[in-house]
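The values are calculated or read from the model by the stated rules, or taken from the named source; none is laboratory data. Note that this is a predicted model, so its numbers are computed, not measured. So basically every Cβ, Gly included, is an ideal-geometry build from the backbone, and we count neighbours across all protein chains shown. With ligands, DNA and RNA removed, areas are computed over all heavy atoms of the protein, side chains included. Shrake-Rupley method; radii C 1.70, N 1.55, O 1.52, S 1.80 Å.
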Amino acid sequence: MPAHRLTPVTLKLQDGIPYADAYGDIYHSAEGGLEQARHVFLGGNGLPERWRGRRGFTILETGFGLGLNFLATWQAWREDRERPAQLHYVAIEKHPFAAADLERLHSLWPQLQPLSAQLCAAWPPLVAGFHRLMLDEGRIVLTLVFGDIADCLPDIQAAADAFYLDGFAPSRNPEMWSPQILARLNRLAAPESTLATYTVTGNVRRTLMQAGFLCDRPPGFGRKPQMLVGRFAPRWQQPPRVSVQDRRAIVIGAGIAGSAACERLAARGWQVTLIERHARPAQEASGNLAGIVMPMMSRDGNQASRLARAAYLFAIAQWARLGGIGTAFAGRQCGVLQLARDGEQARVQQATLQELGLPGDFVRWVEPEEVAAMTGNAASQGAWLFPRGGWVTPASLCEAMLAACGPNLVRLFGRGAAALERRDGTWMVRDAAGAEIANAPVVVVAGGIDAHRLHQTRNLPLDAVRGQVTHLDLGSENAPPLVICGDGYVTPEVQGLCTVGATYDVDAETALRRDSQEENLRRLAQLLPAVQADDAPAAELRGRVGFRCVTPDRMPLVGALPDADLPITGSRLRDVPRHPGLYGLMGYGSRGLIWAPFAAELLASVLEGEPLPIERSLFDVLDPARFALKAYRRG
Ligand code: SAM
């Protein structure tokens, strides 16, 4: 079974307790699931006492199941007046339940009802990979990792303060307790980390001890006389805990990338200064009337599509928390159709769905007749339908994200950052006249191709690709009710205009061009053959020209920026020297809407030393130093 395909579990009960056919075991003690959670997992890890006085605390669980341990922990956190400001809970699960099953199972514990309702409302589509859920106004951060522990564990980046090992009995599910898995836990252990589990099996205990955990066997729960607890006390030196003291950052660029960075940092209590050379946000690449919100698909589940999928799902969840698409900012979750070009592509699209086994609430195949009924236009081929996709006005989203920062944001608009200078651990941002605009220990460069104006980022391989969109008043009877993509796209009416786009041009012409407009009209004729864009709109040049900031591999740059003035010392990414405190968010191409919230969350997690919301291997794909390293390897 490919790692990117997920097999959800079918709910089955045995004497009222959820039961897993595949493992021949029950999900929790027959003597009380909630009590077991409290005794074994919380109690065994010394919680809640151990999290007191901490700013943040991270728990890693193997086997999320029905989330009973999670809910018990969340409840204990809520009731504790000395709780940490933020609780991270990272949980691996190979066979997740559907939200409706979770709801049904949790109904046995009415006291968990409000928490269960929040969890179920935020529950992601059952798609393999990482899903970051922000609960309790972002103070409980649940990173669900859907997949087999053997594939997922090596790809998690976290420093766990406590482990909950809960993967059925080792005799029923030895894979979950294999020495290879248990021996790897120490990579994820924070200093003074602890663990707890109900099993006292000798092999498990011995492997954990070899991995650096001092183990003990206090009384167990229910009929179990003992359980296993462990304290991480390796003989080898541990890296110190990351701790940020000065939470101040400057973000350069108030487009979609920069605005999302402000929002994610401000939500964590950072004081952010936003510098923008225009008078308002989203004046350049983020200035279109409507941007498309959709994921990217590939038959082999390649890295680019897995990243885009994670980003798309995160963006949609994040926007719901901001107040909702169409409520907090302009946009509509009307769905996106991606039409097959011809019979061959239709076959590939259908085969992709078969192979990836994606659920219908993420994507489904739509036959030509249904496409025709949805669009009012004859269709010779079927399409993928992304029911959660749609369109958003980027400038409106930027305003909503900046408004959400509240007093944690200072906007310095109409100021152009021309130089960066670092002194005594602080970056000074200067204007073209050399005057200081602001200073902070951290700077995030998010101004797209403008990065080339700064000395430190002048060599980043960024390119500007011209894109012209055409605005057409098709009339409400002709405007499509949802976004239609194929070769290009057409949106529903936004402020009375449908957007058709977009061209990919190599030149730098900023004015609207007739040949680009004609290209867009040809796209429209393919996407909506029944709609005659009559001569009037065709004759009138209406639309917008923007420049996408792209990288050579078309993936964004997210993370610490390389220092091109220092030599690379080896062939790994970590061997590329970086500018301390200088980070980048750029190269979003035409997918700024979906990259922005996710990349900002990723960067904020890095800055805070929190668990990453994504696979380590995928994070590397976004590393701004990858091009410098490639050049070094080529010699
Ligand atoms: N901790 C859960 C709770 O609080 O509800 C109960 C966990 S249940 C005992 C064990 C879980 O481990 C199941 O949900 C099962 O699907 C999951 N699991 C089993 N083998 C796995 C594997 N190889 N990788 C990831 N998860 C696995």
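The stretch 16-31 and the stretch 47-101 have Cα centres lying 21 Å from one another. Take Ser516: with every protein chain present and a 1.4 Å probe, its accessible area is about 0 Å². Under a straight-distance cross-link criterion of Cα-Cα below 18 Å, which aspartates and glutamates are reachable from Lys224, leaving out those fewer than 8 residues away in the same chain? Hits, sequence-local ones excluded: Asp25, Glu31, Glu35, Asp166, Asp216.
Beta-bridge orientation, the stretch 13-232: approximately 50 percent antiparallel, per DSSP, counting only bridges with both partners inside. Heavy-atom accessible area for Arg388, with the other protein chains in place and a 1.4 Å probe, reaches approximately 70 Å².
Amide H to amide H distances under 5 Å link Phe163 with Leu60, Thr194, Leu195, Ala196, where only residues 5 or more positions off or on other chains count and H is placed in the peptide plane.
Would you please give the FRET efficiency between Arg5 and Asn203, computed as 1/(1 + (r/R0)^6) with r the Cβ-Cβ distance and R0 = 25 Å, to the nearest 0.05? Efficiency for this residue pair is about 0.25. Taking Cβ atoms as reference points and 14 Å as the exclusive limit, the residues near Gly324 contribute a net charge of +3, counting Lys and Arg as +1 and Asp and Glu as -1.
Only protein heavy atoms count here; under a 1.4 Å probe, Asp361 has an accessible surface of about 70 Å².
The candidates Leu102, Leu13, arranged from most to least accessible area with a 1.4 Å probe in the full protein assembly, appear as Leu13, Leu102. The distance linking the stretch 170-230 with the stretch 499-522 is 61 Å (Cα centroid to Cα centroid, whole angstrom).
Each Cα pair under 8 Å and six or more residues apart adds its separation to the average, and for the chain the resulting relative contact order is 13 percent.
Rounded to the nearest whole Hz, the Karplus-based 3J(HN,Hα) values (6.51 cos²θ - 1.76 cosθ + 1.60, θ = phi - 60°) of the stretch 461-475 follow the sequence x, 10, 9, 9, 10, 5, x, 10, 10, 10, 9, 10, 8, 7, x, with x at glycine and proline. Convex hull volume per residue, computed on the Cα atoms of the stretch 107-257, equals 195 Å³.
Note on the stretch 100-214: antiparallel DSSP beta bridges, both residues inside, total approximately 65 percent of the bridges counted.
Subtracting the Cα-Cα distance of Arg522 and Trp236 from their residue separation scaled by 0.36 nm leaves 96.4 nm. Listed by chain and number, the lysines placed with their C-alpha closer than 17 angstrom to that of Lys94 are Lys12; residues fewer than eight positions away on the same chain are left out.
Heavy-atom accessible area with a 1.4 Å probe sorts Met374, Met555, largest first, into Met374, Met555.
Carbon-plus-sulfur accessible fraction, the stretch 362-443 (probe radius 1.4 Å, protein heavy atoms only): 51%. Here the label points at Ala279 and Ala351, each 7 Å from Cα along the C-beta direction, are separated by 5.6 nm in the simple model.
Largest accessible area first, the listed residues Glu82, Glu61, Glu509 line up as Glu82, Glu509, Glu61 when surface is computed with a 1.4 Å probe on the assembled protein chains.
What is the sum of charges around Gly255, taking Lys and Arg as +1, Asp and Glu as -1, for the other residues whose C-beta is under 10 Å from the C-beta of Gly255? Taking every Cβ under 10 Å from that of Gly255, the sum is -3. Ellipticity at 222 nm from helices only: DSSP H runs of n ≥ 4 in the chain, each -39500 (n - 2.57), divided by the residue count, give -7500 deg cm²/dmol.
Taking Cβ atoms as reference points and 13 Å as the exclusive limit, the residues near Arg364 contribute a net charge of -2, counting Lys and Arg as +1 and Asp and Glu as -1. Only beta bridges with both residues in the chain are counted; by DSSP, about 60 percent of them are antiparallel.
The convex hull drawn around the Cα atoms of the chain, when projected onto a plane and averaged over every direction, covers 29.8 nm².
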